[in-house]
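Read through the structure below, which is laid out as structure tokens, and then see the notes.
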Amino acid sequence: MVNLTIDGKQVTVSKTATIYEAACEAGVHIPVLCYAKKLMPYGACRVCLVEVEQMKGRLIPACTTPVTEGMVVTSTSDEIVKVRKTVLEFLLVNHVVDCPVCDKGGECDLQDLTYEYEVVSNRFEGEKFDLPTDEVNPLIERNMNRCVLCGKCARVCDEIVGYGSYSFINRGFETKIATAFDRGLNCEFCGQCVSMCPVGAILPRPFKFKARPWQLKEIDSVCGYCGNGCTVTLGTKDNKVETIRFNDKTGVNDGNLCVRGRFGYSFINSEDRLTKPLIRENGSLVETSWDKALARVADGLKQSGSETGIVTGARLTNEELFLLRNVAKALGSENIDHSGGECYKGLTEGLQQTLGLQASTATFPQVENCDAILSIRSDFYETHPVFGMVVNQAVRRNDAKLTVIADKRGKFTKLPEAKTLLHKPGLEVNLINAMCRVLLDEGLAKTERLSGVDELKAALADYAPETVAETTGVSVDAIRTAARELAAAENAAILLAYGLPYTAASKELGIAAANLSLLTGIAGRTGSGLYVCGEKNNSQGAIDLAVMPGATGLGAQQMLSAAAQGQLKALYVVGEDMVSSYPDRKAVELALDKVPFLVVQDLFLSPTAQMADVVLPAASFAEKDGTFTNAERRIQRVRAAVPSPGDARTDFNILSDVLSAFGAQAPATAAEAFAQLTADTAAYQGISLDMLGAQGYVWGTDILTPITRNLVAVAGSKPLDAAHQLLVGSALYHSGTMSTHAKGPMAVVSEPYIEFGREDAKALNVAEGDLVKLSADGEIIEAKAKVDNRLPQGVLFAPYHFSALGLNKIYRGQPAIAVQVGK
Ligand code: SF4
Ligand code: SF4
Ligand code: SF4
Ligand code: FES
């Protein structure tokens, strides 16, 4: 620690602190413009100049100068004020002062500093900038006439996002921030540059002229899309969510968001939202009252009793999931599940068999300090972008060695020095097995406390790196290096994302990843972790609350099979569009068609809802109170910001009414439900709402120690023998089907597509935008072609978010689909 004095105040700070950070600690105000806590020190603007007694004769930038023992700092004096004024005058020479129409007005750092230093006139004269505004993309407007060249946009895009959109070009008066070849912005549209820009040079277009900042009500909540669980601050006006605000004071995301969290809020305001309950009469769905709809639901479910199936997406709050489980109990049914396919079920079973737990073993921020990171699938960035940004920081700032087991290239594979084990589709387990074999063969495995070592050794006889290299197409050297680096790292992470489009071999993959984490000692070691990250915002909450079939109950797929065979009397689907998202659309439609009574509770009249007997209009995450648990086990508060449209109600209220209809007692409030569910859930015991501070509360502490350490032998797969294989997965801009109702993500990716690598596109004579047909098993899907260079030859890709494509007519949970390509 270092002791220094600032404006006569004694302060003790870490020896790595800067003068500015020490001043913040001491409660001394020093103005800044180019400084941002989460970016590397830069020192571009000079408004933070201070005097240091030991460095007499010049003013020192507080934001870049490290503290030293005994330093005596003066933050303000006549001379400092004069210099700061001059800096501001220079900035205002060319800056167009269009505060009356600038959306940043009222929260612009330049405006505030000009006011604070009373810069009422300017001694310098110069031409005002007259650059064209970049409005090429639909989400971000760039008006470089307002830029103060602080470089924050370029730094955040590089250091945090890892995209690198911007750089300074030209010199002197001509200096400006530009994209490559000074074209319009075309990037990930995460909006980090919008959040960082201290002036009105980079603005969110959907928010343009919607409200002045002081007119907005701000409510902290949690993003409703993925398991990253980013905190979002909703900016509302007149009971409408108008924007998402930058906030680095809460949560685990340090103010970082992805395109979905930043621009995907508008589904809340969608005119397509369900606003009235619907009931099927004479074959059609017609509007009805809540009383009638609930009476019909109660009647139907009473009749079906224990032969009811309940399926939910994992977008509900913990409190709502708790009530849903109570509904199952009240019906005497053990048929409850929170998603389709085997992705959740298989993965959690695999983790349970090996580690004795069903969750990530560490928290996200720890990854920034990891020396080695293994990402299983390149899609991890697509499913969990903000966690992906932490990986980027680990690689760029701390030189972490990143290895990606990938069936296609992606953002991760492009990070500096990333090693890509590009394999034939569906062979992830083969590669992980080979890595385990290397660890055991080379004496690198930490086997002391593990059971099943000999059995695993025997089972890995078939997974010599040479054999696996031949099967997968990955070199022996690459397999060995990946295993050695992971074993040698003091702090290491293994990342595995899962969700509906990643159904294949999920149990095997869970086991293989857990085996690797045990052999390397990663699971449970301080600073290291195995991260299993669910696709949806409350996937982990659903697992923690055991929204899964009981001992004699049916899982989602089994419920569908039972329904198709006439062995399920009712299905209650809450917050999931099974027809659009689940593998094997025909089987889902058949099951929903056959089940005698179908209730769907959702925000939109989805293809699943269209088949229902009763449709109950539900609330979005922005309209409810409760908690979500993210993929690192962080329980965070969700807060209602706006009322629901029309007669839509929260799932909590609907489920309370359903429970009442069965004579069961429901907790009166979400807070009461939280108290009950924590008492009822082993991992949550002792946690109170008061304990969920600004950063939430991580159950089981930052490092979760495995309860068991069982190595389990698991078989890999054989490569598919087909000239063209289609991979199904997630696209960065979307999450499930919900984002397809949001204008922001839809403005960037508005329709389904089939992606081709350049080689295949050339050989097949397919150009960008061509309509192409893929056929498999007698089914045909058709979409526009997208051509780029991230897919190996013979491999195609399609995102699963768009219901209209009917991708799940040919996707039945396989790792890859053999397809014929036509036009
Ligand atoms: S929106 Fe994100 S990816 Fe695009 S330029 Fe800004 S920071 Fe970079
Ligand atoms: S656009 Fe904004 S963030 Fe980027 S350099 Fe200019 S003022 Fe700074
Ligand atoms: S979608 Fe996921 S990564 Fe993106 S902002 Fe929301 S929680 Fe964060
Ligand atoms: S804030 Fe210190 S130089 Fe810009």
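The values are calculated or read from the model by the stated rules, or taken from the named source; none is laboratory data. None of these values were measured; they are calculated from a predicted model. Heads up, the Cβs are rebuilt from the backbone with ideal geometry, glycines too, and the neighbour counts pull from every protein chain shown. Each accessible area value is taken on the protein alone, full model and side chains, heavy atoms only, with ligands, DNA and RNA left out. Shrake-Rupley method; radii C 1.70, N 1.55, O 1.52, S 1.80 Å.
About its Cα centre, how strong a charge dipole does segment 404-563 have in debye, to the nearest 20, once Lys and Arg get +1 and Asp and Glu get -1 at the Cβ?
Values: 15 positive and 17 negative charges, 94 e Å.
In debye, rounded to 20, segment 404-563 gives about 440.
For every helix of n ≥ 4 consecutive DSSP H residues, a contribution of -39,500 (n - 2.57) applies; sum these over the chain, divide by its total residues, and give [θ] at 222 nm rounded to the nearest 500 deg cm²/dmol. All intermediate terms of the calculation are to be shown ahead of the outcome.
Working: 24 runs with 227 residues, N = 823.
After summing the helix terms and dividing by residue count, I get -8000 deg cm²/dmol.
Take each peptide in 629-635, 548-554, count the other Cβ atoms within 10 Å of every residue, and average; sorted highest first, the result is 629-635, 548-554. Projected label points at Thr86 and Asp777, each 7 Å from Cα along the beta carbon direction, are separated by 7.5 nanometres. The charge dipole of the chain, taken about its Cα centre with unit charges on the Cβ of Lys, Arg, Asp and Glu (plus for the first two, minus for the last two), comes to roughly 560 debye.
Under a 1.4 Å probe, what is the accessible area of the chain per residue, stated in Å²? Don't jump to the answer; show the numbers that get you there.
Numbers: 30880 Å² over 823 residues.
Roughly 38 Å² per residue, with all protein chains present.
Highest mean first, the peptides 556-568, 303-315 sorted by other C-beta atoms within 10 Å per residue fall in the order 303-315, 556-568.
Quick one: how many lysine pairs does segment 704-800 have with C-alpha atoms less than 22 Å apart and a gap of 8 or more or different chains? Give me the count, please. Spell out each step's value before the answer.
On the way: Lys743/Lys784; Lys743/Lys786; Lys762/Lys773; Lys762/Lys784; Lys762/Lys786; Lys773/Lys784; Lys773/Lys786.
Summing the qualifying lysine pairs gives 7.
The length gained by stretching the chain between Lys302 and Phe168 to full extension, at 0.36 nm per residue less their Cα-Cα distance, is 41.5 nm.
Highest mean packing first, where packing is the average number of other Cβ atoms within 10 Å per residue, the peptides 169-182, 51-64 line up as 51-64, 169-182.
Using a 1.4 Å probe over the heavy atoms of the protein chains, calculate the carbon and sulfur portion of the accessible area of segment 250-372 as a whole percent. Display every interim value, and only then the final one.
Details: 1600 of 3790 Å².
Carbon with sulfur: 42 percent of the solvent-accessible area.
At a Förster distance of 45 Å, what's the computed FRET efficiency of Ala722 paired with Asp680, Cβ-Cβ distance as r, to 0.05?
0.40
Thinking of segment 595-713 as a set of Cα atoms, what percent of all their pairs are more than 18 Å apart?
65 percent
Computed over protein heavy atoms with a 1.4 angstrom probe, the accessible surface ordering of Ile219, Ile6, largest first, is Ile219, Ile6. Calculated over segment 101-269, the projected area of the Cα convex hull averaged across directions stands at 10.9 nm².
Each Lys and Arg contributes +1 and each Asp and Glu -1, all at the Cβ; summed about the Cα centre of segment 101-269, the dipole is approximately 380 debye. Taking segment 101-126 and a reference point 7 angstrom along Cα→Cβ of Asn94, the backbone N atoms nearer than 12 Å belong to 126. Between Glu466 and Ser270, the simple spin-label model (points 7 angstrom out along Cα→Cβ) gives 5.5 nm. Partners of Lys249 within straight-line reach, counting lysines whose Cα lies under 19 Å from its Cα and excluding those fewer than 8 residues away in the same chain: Lys37, Lys38, Lys152, Lys217.
Which length gain, in nm to one decimal place, applies between Leu689 and Ala767 when the Cα-Cα distance is subtracted from 0.36 nm times their residue separation?
22.6 nm
Here Arg58 and Glu490 are evaluated by their C-beta separation; at R0 = 30 Å the FRET efficiency comes out at 0.10.
Oblate is the label for segment 441-493, because the ratio a/c of its alpha-carbon gyration tensor axes (a ≥ b ≥ c) is 1.5 or higher and a/b is not greater than b/c. Here the alpha carbons of the chain define both size measures, Rg and Dmax, at 27.9, 89 Å.
Since only Gly700, Ser221, Ile687 are under comparison, the one whose Cα sits farthest along the positive direction of the charge dipole of the chain, derived from C-beta charges on Lys, Arg, Asp and Glu, is Ser221.
Full-extension gain between Val120 and Ser475, please, as 0.36 nm times their residue separation minus the C-alpha to C-alpha distance.
Values: separation 355, 0.36 × 355 = 127.80 nm, distance 6.71 nm.
In short, 121.1 nm is gained.
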